[in-house]
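To keep things clear, I will list the structure first and then write my remarks on it.
The values are calculated or read from the model by the stated rules, or taken from the named source; none is laboratory data. Predicted, not measured: the structure shown is a model, and the values here were computed from it. Cβ placement follows ideal geometry from the backbone for every residue including glycine, while neighbour counts extend to all protein chains displayed. Heavy atoms of the whole protein, side chains included, go into the accessibility calculation; ligands, DNA and RNA do not. Shrake-Rupley method; radii C 1.70, N 1.55, O 1.52, S 1.80 Å.
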Amino acid sequence: MVVYNIGIVGPEDLATKFKTQLEELNLLNVSINLSIVNQFEDTKKLELSFVEKCDLLCFMGPIGYEIYREEIVPRLKTIPPISLHIRYDSSALYLCLYKLLSKKQGDINLFTPFSIDLLAEKEVKVALEEIDLSPDQYLLIHGDTSYTTEHWANIHEEYYRKGKTKYAVTCLTSVAYELQKRQVPVMRIKPTYAAISMTIEILIAKLEQLISNELKTIAILVKWHEADRRPKNRYTFYKQKLKFQEAIINFCEKYEMSLTFENDFKAILYTNQSILKELTKNYKVFPFTKEIEEILGTRISIGIGVGNDAARAEIYANRALKFAEAKHTSTTYLAYQNGSIIGPLNSEEVEPLSFSTHLNNRHLQDIAKKTSLSAITISKLRSLIQNQEHPYITSHQIAEAFDISLRTANRILHTLESYRFAKVIGEEQPPGRGRPRKLYELKLTEE
């Protein structure tokens with residue numbers, strides 16, 4: 001039985017409330033896990049192991065969600081889980097102001113003007129106009145994901161100390177607690193029961209989408225290569241061909257896959273994403289590559305494609321196969337519909353690189369344009385750095401990971417260095433004898 005893991009990230013009271021409402025639905029095959037974040041900026045420290053085991057991830061507010069997308073997603077070594085967050089809407093604002101009004105015995109002048117953070121300006125303006133609050137009765141604070149609890153609290157406090165406001169209204173739990181410590185009158189906006197229910201409805205729809213995705217068509221193209229020196233007779237070829245067909249048929253029978261032989265050298269296997277995830281140990285290694293190589297004694301190239309139907313899956317499998325065929329050893333690559341490629345899937349000990357044939361990030365696009373390096377090279381470099389525990393890299397590491405010559409790897413680093421996207425930060429002595437190797441720090445993210 002497949003169990004889907006739902007991760008909930010946020011302050012303890014909201015995360016527990018969300019979990020309780022979700023559990024009331026008695027969803028089958030679902031495991032709910034909490035990651036308590038006391039200060040929203042601590043989302044940057046979210047354990048990668050927690051994220052990677054989640055199938056769906058829900059944040060108790062928009063700012064934690066944005067921090068996750070900016071700071072955590074680029075560091076993941078697997079496909080990111082489906083993620084969403086609770087919205088703080090006008091109903092939550094009305095509820096907060098109602099509590100304030102009740103607290104002040106119905107005298108609105110006792111808490112206006114007030115400062116308010118995080119909510120969209122247009123939404124706040126429309127909401128407050130409906131209850132006859134004018135723009136001079138509130139101050140909207142703008143900020144971004146670089147702001148910490150202290151930043152937000154400082155702005156609220158400054159307005160209050162200077163007499164510009166009488167109250168602080170915040171969507172951020174840690175800011176509310178901080179302002180209370182500083183003895184600044186504060187009221188916290190919390191998502192309503194309806195907002196949580198709506199988010200849970202979206203989560204369930206995403207879960208259904210995930211289950212549907214697990215059944216997406218997977219096409220696996222397996223190609224074997226003859227030795228460079230062919231024997232004078234063709235008996236060896238026919239024997240290998242029969243071995244190839246037998247190995248493929250046995251593999252398909254074992255995992256209940258559909259099968260067709262495109263020609264003497266290539267077979268196309270069809271399965272679903274759930275089985276593929278199991279076979280590749282969560283997209284890290286495809287042991288069948290080595291198994292069939294040992295049976296035939298020749299190089300094997302495998303391309304795996306994920307698609308909504310068999311035709312699309314074959315298109316992406318062919319794309320992945322081209323990367324595999326470019327290697328001089330037996331290897332496997334995987335291609336997704338969004339253009340991302342993962343590979344080689346050769347070893348559990350070595351993280352496969354995740355790269356793309358095009359760049360969506362403007363900074364990376366700028367690097368590619370200035371250096372004339374391809375999108376594939378730039379995205380591979382970024383993936384290689386993210387797979388390491390340390391931030392530096394050598395030309396030997398690049399040559400090994402990219403399966404290119406040392407001269408080509410050096411040229412890549414020298415090009416990046418000449419445009420100040422890389423700099424030498426030291427040297428390391430290789431095992432045994434040999435010249436010290438330069439250690440490079442790459443600047444592939446915006447400062």
Notebook entry, point to check: Which one is most open to solvent (accessible area, probe 1.4 Å) among residues in region 275-286 that are within 13 Å of GLY343 (Cα to Cα) and touching a helix residue (DSSP H, G or I) at 6+ places or on another chain (Cβ under 9 Å)?
Noted result: ASN282
Notebook entry, point to check: Could you count how many residues in region 193-250 are at pLDDT below 80 and not charged (D, E, K, R)?
Noted result: 9
Margin query: Checking LYS241 against (1) open to solvent by less than 50 Å² (accessible area, probe 1.4 Å); (2) touching a Lys or Arg at 6+ places or on another chain (Cβ under 9 Å); (3) more than 30 Å from ILE82 (Cβ to Cβ): exactly one of these is not met. Which one?
Written below: (2)
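To keep it simple, each residue is scored yes or no on (1) of a type in the set (D, E, K, R); (2) farther than 27 Å from ILE300 by Cβ; (3) within 19 Å of the chain's Cα centre (by Cα).
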| residue | (1), (2), (3) |
| --- | --- |
| ALA335 | no, no, yes |
| GLU348 | yes, no, no |
| ASN361 | no, yes, yes |
| ILE378 | no, yes, yes |
| LEU381 | no, yes, yes |
| GLU389 | yes, yes, yes |
| TYR392 | no, yes, no |
| GLN397 | no, no, no |
| ALA401 | no, no, no |
Check: Name the pairs whose Cβ atoms lie under 9 Å apart, with the first residue in region 291-318 and closer than 15 Å to ALA227 by Cβ and of a type in the set (D, E, K, R), the second assigned to a helix (DSSP H, G or I) and open to solvent by 10 Å² or more (accessible area, probe 1.4 Å), and 6 or more positions between them or separate chains?
Finding: ARG299/GLU293
Notebook entry, point to check: Would it be correct to say that TYR98 is surrounded by fewer than 18 Cβ atoms within 10 Å (Cβ to Cβ), at pLDDT 90 or above and not aliphatic (A, V, I, L, M)?
Noted result: yes
Next item on the list: For region 27-36, indicate whether the set of residues that are of a type in the set (Gly, Ala, Ser), under 21 Å from ASN5 (Cα atoms), within 28 Å of the chain's Cα centre (by Cα) and modelled with pLDDT under 95 is non-empty.
Entry: yes
Checklist line | Subset of region 328-337 [in contact with a Pro (Cβ under 6 Å, 6 or more places away or on another chain) and open to solvent by 40 Å² or more (accessible area, probe 1.4 Å)] | finding: none
Next item on the list: Exactly one condition in (1) of a type in the set (Asp, Glu); (2) surrounded by 19 or more Cβ atoms within 10 Å (Cβ to Cβ); (3) modelled with pLDDT of 90 or more is not met by ASP55; state its number.
Entry: (3)
Next item on the list: Identify the single condition in (1) assigned to a helix (DSSP H, G or I); (2) open to solvent by 20 Å² or more (accessible area, probe 1.4 Å) that ILE200 does not satisfy, given that it satisfies every other one.
Entry: (2)
Notebook entry, point to check: Where in region 356-447 are the helices (runs of 4 or more DSSP H), entirely inside, with at least 1 residues that are in contact (Cβ under 8 Å) with a residue 60 or more places away in the chain?
Noted result: 362-371, 375-386
Check: Do any strands (runs of 3 or more DSSP E) entirely within region 114-183 hold 2 or more residues that are open to solvent by less than 80 Å² (accessible area, probe 1.4 Å) and touching a His at 6+ places or on another chain (Cβ under 8 Å), and if so, which?
Finding: 114-117, 167-170
Notebook entry, point to check: Which residues, taken from region 266-289, are farther than 12 Å from TRP224 by Cα and part of a helix (DSSP H, G or I)?
Noted result: GLN273, SER274, ILE275, LEU276, LYS277, GLU278, LEU279, PHE288
Next item on the list: From SER340, SER354, grab the single residue that is open to solvent by 30 Å² or more (accessible area, probe 1.4 Å), closer than 24 Å to LEU48 by Cα, out of contact with any Lys or Arg (no Cβ under 7 Å at 6 or more places or on another chain) and hydroxyl-bearing (Ser, Thr, Tyr).
Entry: SER354
Next item on the list: Kindly list, by first and then second residue, each pair from a residue in region 240-260 that is among the small types (Gly, Ala, Ser) to a residue that is assigned to a helix (DSSP H, G or I), limited to pairs with Cβ atoms under 9 Å and residues at least 6 apart or on different chains.
Entry: ALA247/PHE288; ALA247/GLU291; ALA247/ILE292; ALA247/ILE295; ALA247/LEU296; SER258/CYS252; SER258/ALA310
Item checked: Residues located in region 58-70, provided they are free of Cβ contacts under 8 Å to residues at least 40 places away in the same chain and open to solvent by 40 Å² or more (accessible area, probe 1.4 Å) -> ARG69
Check: Among the residues of region 393-440 satisfying the criterion of being acidic (Asp, Glu) and open to solvent by 90 Å² or more (accessible area, probe 1.4 Å), which is farthest from SER354 (Cα to Cα)?
Finding: GLU427
Next item on the list: State yes or no: is GLU325 modelled with pLDDT of 85 or more and open to solvent by 10 Å² or more (accessible area, probe 1.4 Å)?
Entry: yes
Next item on the list: Being more than 22 Å from the chain's Cα centre (by Cα) and open to solvent by 40 Å² or more (accessible area, probe 1.4 Å) narrows it down to one of LYS370, LYS443, so name that one.
Entry: LYS370
